[in-house]
Amino acid sequence: MFCNQAKEYLSQKGIRVQEKDIAQDPNALAGLKKLGYMTTPVIVIGGSAIVGFDVSKINQALRSRLRRRAGGSTRGAA
């Protein structure tokens, strides 16, 4: 349920999603375990893992990723 909500939310924001099915793909399950989690969804944005469908954390990670891509913070810019 939360996986679908997360996919829909990111899709509405125009974010491409790389879906991994841990029930069908042993490598996906191994990757999840390597991150230290055994629950889904786990959303990785810019190297940061977000467990569950947490809109505020997703938005924060997206903003942080955009700032890094833009070369830093835009605070104080005219």
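The values are calculated or read from the model by the stated rules, or taken from the named source; none is laboratory data. This one's a predicted model, so the numbers in the text were calculated from it and none came from an experiment. Positions of Cβ are backbone-derived with ideal geometry, glycine not excepted, and every protein chain shown enters the neighbour counts.
Yes or no, residue by residue, for (1) part of a loop (DSSP other than H, G, I, E, B); (2) surrounded by 13 or more Cβ atoms within 10 Å (Cβ to Cβ); (3) under 14 Å from the mean Cα position of the chain (by Cα); (4) touching a residue at least 24 places away in the same chain (Cβ under 8 Å):
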| site | (1), (2), (3), (4) |
| --- | --- |
| ILE22 | yes, yes, no, no |
| ALA28 | no, yes, no, no |
| LEU32 | no, yes, yes, no |
| ILE43 | no, yes, yes, yes |
| ILE50 | no, yes, yes, no |
| LYS57 | no, yes, yes, no |
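Find the residue count for region 46-60, including only residues that are in contact with a helix residue (DSSP H, G or I) (Cβ under 8 Å, 6 or more places away or on another chain) and at pLDDT 95 or above.
6
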